[in-house]
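**Student:** The structure's right below; bear with me while I get my questions together.
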Amino acid sequence: MRNAVLRGDLRARATSRKVRAMELFYVGTLALLTFLGLAPEVNRVDPTQQASLGLALLGVQIVLVTYFASACAAQEIPVEGERPAVDLVFARFTRRAVVVGKSLASFATIMYWLLLGAPLLLLAARIRQDPMGPLAEVLVLVAVQAWGVAQVAMLYGILVESEFSRTLLHWATLVAVFAATMALPAGAQWANPVIAATRAAAGAFPVAAAVGYGALGLAAGGAAQVALRRFRAA
């Protein structure tokens, strides 16, 4: 890892009490839902409830990982020891190094959180005999989607100075991504992360969702580099 920003952010997140608390809440929520969703007799699965528990856990996992990753990127949840992008650009780091480091740190954190919850997802699917597609493809799709939203949140952290305004924009984005996309026509509902992941779990990988959110993340990263230019000029 040659990028010093990436090393610094990963080091800060590895020792952060806030990150540990988020991970405990995240894993605890998934574990509780797994426990409550299991049938009293695991060998007697109700056919009417098949495919419910695994997909429900997947949906919760998507929402929590996306929120935590984007909240950290927007500095709604500031991580101890992690410096904002605006502060770093005044140091010896180039704008590209700052944005790339922050972007990779977000993606690495997201992948770690997804892998942290994967055993519970597999456990629920195995016990309840839920049909679950290739888990690796599902997790990669979720990671790209969460990363795209986190990239937009990082851009908010650069463009908007007011913490209150950043929080409003962040939550408006989450509502648009998770709620407003439900009203889209069926052919465009791949824009909803939960629906897209559900389709991937059913074996129909939504390429449009992976490409769309990946492009969103790259565009937000490019816009972040441009936005940092005014701070360098100042």
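Coordinate-derived values only; no laboratory data. All values derive from a computational prediction rather than experimental measurement. Here the Cβ is made from the backbone with ideal geometry for all residues, glycine too, and neighbour counts use every protein chain on show.
**Student:** Counting other Cβ atoms within 10 Å of each Cβ, which GluC sites (Glu not before Pro) in the stretch 67-170 have at most 10 and sit in a DSSP loop?
**Tutor:** 161
**Student:** Using per-residue counts of other Cβ atoms within 10 Å, averaged over each peptide, order 115-125, 97-107 from highest down.
**Tutor:** The most tightly packed comes first, giving 97-107, 115-125.
**Student:** Which one, 222, 77, 167, is farthest towards the positive end of the dipole of the chain when Lys and Arg carry +1 and Asp and Glu -1 on their Cβ?
**Tutor:** The one lying farthest along the dipole's positive direction is 222.
**Student:** Would you work out the charge dipole size for the stretch 4-233 about its Cα centre, treating the Cβ of every Lys and Arg as +1 and the Cβ of every Asp and Glu as -1, and quote it to the nearest 20 debye?
**Tutor:** 780
**Student:** Taking 22 Å as R0, compute the FRET efficiency from the Cβ-Cβ separation of residue 180 and residue 211 and round it to 0.05.
**Tutor:** 0.65
**Student:** Taking the Cα-to-Cβ direction at residue 56 and at residue 4 and moving 7 Å from each Cα, how far apart do the two end points lie in nm?
**Tutor:** Those two pseudo-labels are separated by 5.0 nm.
**Student:** Further question: Compare the peptides 221-231, 145-155 by average per-residue count of other Cβ atoms within 10 angstrom and give them in order, highest first.
**Tutor:** 145-155, 221-231
**Student:** Evaluate the relative contact order of the chain (contact order divided by residue number), counting alpha-carbon pairs under 8 angstrom at least 6 apart; express in whole percent.
**Tutor:** 28
**Student:** Also: How large, in Å, is the chain by the Kirkwood hydrodynamic radius built from its alpha-carbon pairs?
**Tutor:** 18.5
**Student:** Here is a follow-up. Sorted by average packing, counted as other Cβ atoms within 10 angstrom per residue and highest first, what order do 23-35, 4-16 take?
**Tutor:** Those peptides, ordered most packed to least, come out 4-16, 23-35.
**Student:** Another question, if that's okay. Going by how many other beta carbons lie within 10 Å of each one, how would you line up 62, 77, fewest first?
**Tutor:** 77, 62
**Student:** Here is a follow-up. Spelling out what I want: for every residue of the stretch 83-96, take phi, set θ = phi - 60°, compute 6.51 cos²θ - 1.76 cosθ + 1.60 (Karplus), and round to whole Hz; glycine and proline get x.
**Tutor:** Couplings: 8, x, 4, 5, 5, 5, 5, 7, 8, 7, 8, 6, 4, 5 Hz.
**Student:** Quick check on the exposure proxy: order 96, 17 from fewest to most C-beta atoms within 10 angstrom.
**Tutor:** 17, 96
**Student:** What's the FRET efficiency of residue 118 with residue 32 using the Cβ-Cβ distance as r and R₀ = 25 Å, to the nearest 0.05?
**Tutor:** 0.90
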